[in-house]
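The structure appears below as structure tokens.
All of the numbers you see were taken from the coordinates with simple rules; none came from a lab. This one's a predicted model, so the numbers in the text were calculated from it and none came from an experiment. So basically every Cβ, Gly included, is an ideal-geometry build from the backbone, and we count neighbours across all protein chains shown.
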């Protein structure tokens, strides 16, 4: 597996976490990266709820990169940056895949139910990201997509759930 930690994942003090990963746009490496992020946040003293929210937001964003940015292009590289500090978890994802349509973030609105009550296919990822993240920004710089996410969180060192 090509997943590699670029910087140490050890937390320098309770309530902090830092991690930089470079991974391939494969589902196996995305799963491995999610595990490393969750572990880093756990070592930083973040509660189970904060870790789960970060994992869900990150899973949705990474899957969008794999399924849309690199669709039909073969494996591409993704750089993941995590900084956990008291009160917030900051994430940045960079890739060289296709840009977002119109260079803008999707609105993240839920699609209406079908006339037969069936749930619509797709469209939940950006809704979840926007609901769980306090800040979401996107830009295209030098052929690279840059997605920044901030999740508000209160670390609870006693809850390693």
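Here are some notes:
- Pair residue 28, residue 146: separation of 7 Å Cα→Cβ label points (nm): 3.2
- Length released on extending from residue 68 to residue 56, taking residue separation times 0.36 nm less the Cα-Cα span: 2.5 nm
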